[in-house]
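Reviewing the structure listed below.
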Number of protein chains: 2
Amino acid sequence: MNTPIEFYFDFSSPYGYIAAEKIDALAIKHGRTTDWHPILLGAIFKTTGAQPPAGVPIKGDYFNHDFARSARLFGVTYKQPSIFPISSVAASRAVYWLKDRDAEKSKALVRALYKAFFVEDRDIQNSEVVLDVAEILSIKRDELAAALNDPTVKDRLKNEVQQAMDKGVFGSPYIIIDGEPFFGADRLDQVDKWLATGGW
Amino acid sequence: MNTPIEFYFDFSSPYGYIAAEKIDALAIKHGRTTDWHPILLGAIFKTTGAQPPAGVPIKGDYFNHDFARSARLFGVTYKQPSIFPISSVAASRAVYWLKDRDAEKSKALVRALYKAFFVEDRDIQNSEVVLDVAEILSIKRDELAAALNDPTVKDRLKNEVQQAMDKGVFGSPYIIIDGEPFFGADRLDQVDKWLATGGW
């Protein structure tokens, strides 16, 4: 019995968006399932000392160019958001709340939120925008609005981020296959190969 | 008339070593030439604020695992050096001095120095080790020893590092094809595709 492929991503990460569009098809190809975990890179970067690459001298130019180039390579529609990077807190809380109720639907919410941000240039750090996107998936606005401020949901997200760090997650996307970690959308071909061969 | 593919690498970088083993075969496959530039990531990291990944909390574990895994993926022999990371100053000076005299032979020196470090666990930050490795390639020990302390050679390396930064180089390997930059050994498949298609 195979364990699910663990998929960690931040809503502010273009490479996380690309991976979210691809990971389930890859898993299905190899008869596997996936378990999705939104994370907060802002919190993790406090431990690793990293900075969002788009704002770093020299490095920023490369990544601001590579976001769209990588999306084209993977055939994913991409438009650089006008507000970037963003806080992923509201979007991530919404996903964990829904995941406990309907895990598959929570993946649809992730994809819808990523598209709102990286295709439609909507500011998903705003709770109202998160509620708007969720409403299209027939998620009750009042229930989700209450959940976004529920201390249980807030703690759930904090604990998930800590657990991710404990597993070694330091970036987005970060994919773990039977304990074997892969960082970056540019490693999806390695993920495919590892799933096919079990190692090299 | 195509310009040479620009290949930037640091002698302390396992991914630079992998790329040095692969880049010329890739170039030849597409009828292209290469121009090799050793750089000093230590100097560049002062501008970008980056740290060598192997020493960063959480991130370090991943990269210390991935060095050998990536080498296996590319079929490159790899042994984690006992002294790591190292200063690349002496090795880089030797390469620029030789490059002005015999560019092809300077590539052979790069490969020999990388093998001394990443296969034979020799401490190539030590000038004497650089001279030992060079001697096997029939490079005159006295001439190279003098070059390593020649102010002209020292300035050449400094200028090369500055020029690399001016071109956007922030890591190793960093490959530029007709102005299009690719960072990381895990992008060699993208380099191959770009050389084949001229873009996507």
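Quick check on chain B: take the gyration tensor over C-alpha atoms, sort the square-rooted eigenvalues as a ≥ b ≥ c, and tell me if it's rounded (a/c under 1.5), prolate or oblate.
In terms of gyration-tensor shape, rounded.
If we count every other residue with Cβ under 13 angstrom of B:I124's Cβ, Lys/Arg +1 and Asp/Glu -1, where does the sum land?
That works out to -2.
Hey, which residue of B has the C-beta nearest the axis mapping B onto A, and what's the distance in Å?
So the closest residue, with its distance, comes out as B:D186, 3.
What does the copy distance list look like for B:D142, label position 7 Å along Cα→Cβ, in nm and ordered from shortest?
Here the equivalent label points are 9.4 nm apart from this one.
At 0.36 nm per residue, minus the direct Cα-Cα distance, what do B:T197 and B:E135 gain on full extension? Give it in nm, one decimal, please.
Length gained between B:T197 and B:E135: 18.2 nm.
Just to confirm, what accessible area per residue do you get for the protein assembly as shown at 1.4 Å probe, in whole Å²?
For the protein assembly as shown, the per-residue accessible area is 43 Å².
If you put a point 7 Å past Cα along the Cβ direction, how far is that point for B:D61 from the same point in each other copy, in nm, smallest first?
Its label point is 3.7 nm from the equivalent points in the other copies.
Taking K and R as +1 and D and E as -1, what net charge do the other residues with C-beta under 14 Å from the C-beta of A:R156 add up to?
+1
Scaled to the compact-protein estimate 2.2 N^0.38 Å, what is the alpha-carbon radius of gyration of the range B:94-178, rounded to two decimal places?
So the range B:94-178 has a normalised radius of gyration of 1.14.
Quick one: if you stick a label point 7 Å off each Cα along the C-beta vector at B:K29 and A:E104, how many nm between them?
So the two model labels end up 4.0 nm from each other.
For the pairs A:K22/B:K193; A:K115/B:K22; A:K22/A:K99; B:K107/B:K167, flag any whose C-alpha to C-alpha distance is greater than 28 Å.
Beyond 28 Å: A:K115/B:K22.
Label the protein assembly as shown by shape, choosing from rounded, prolate and oblate, from the square roots a ≥ b ≥ c of the eigenvalues of the Cα gyration tensor; if a/c is under 1.5 it is rounded, and otherwise prolate applies when a/b is larger than b/c, oblate when it is not.
It is prolate, given that a/c is not under 1.5 and a/b is the larger ratio.
Along Cα→Cβ, 7 Å out, is where each label goes; now give me the distance between the ones at B:D189 and A:R72 in nm to one decimal.
1.9 nm
Ignoring ligands, DNA and RNA, what percent of the accessible area of the protein assembly as shown is carbon or sulfur (1.4 Å)?
51 percent
Can you bin the range B:1-43 into rounded, prolate or oblate? Criterion: square roots of the alpha carbon gyration tensor eigenvalues sorted a ≥ b ≥ c, rounded for a/c under 1.5, prolate for a/b above b/c, oblate for the rest.
oblate
Where a Cα-Cα gap under 19 Å defines reach, which aspartates and glutamates qualify for B:K29, not counting those fewer than 8 residues away within the same chain?
In chain and number order, the partners are B:E6, B:E21, B:E104, B:D178, B:E180, B:D186, B:D189, B:D192.
Straight distance only, please: which aspartates and glutamates reach the Cα of A:K46 with their own Cα at less than 19 Å, same-chain residues fewer than 8 apart left out?
Straight-distance partners of A:K46: A:D10, A:D155, A:E160, A:D166, B:D61.
Counting each DSSP H run of 4 or more residues in chain A as -39500 (n - 2.57), what helix-only mean residue ellipticity at 222 nm follows after dividing by all residues, to the nearest 500 deg cm²/dmol?
Only helices count here, giving -17000 deg cm²/dmol.
From the label point of A:G199, set 7 Å along Cα to the beta carbon, how far off in nm is each other copy's matching point, shortest first?
Copy-to-copy label distances at A:G199, shortest first: 4.4 nm.
The values are calculated or read from the model by the stated rules, or taken from the named source; none is laboratory data. All of these numbers come straight from a predicted model, not from anything done at the bench. Cβ: placed from backbone, ideal geometry, glycine included. Neighbour counts: every protein chain shown. The accessibility values were calculated without ligands, DNA or RNA, using every heavy atom of the protein model including side chains. Shrake-Rupley method; radii C 1.70, N 1.55, O 1.52, S 1.80 Å.
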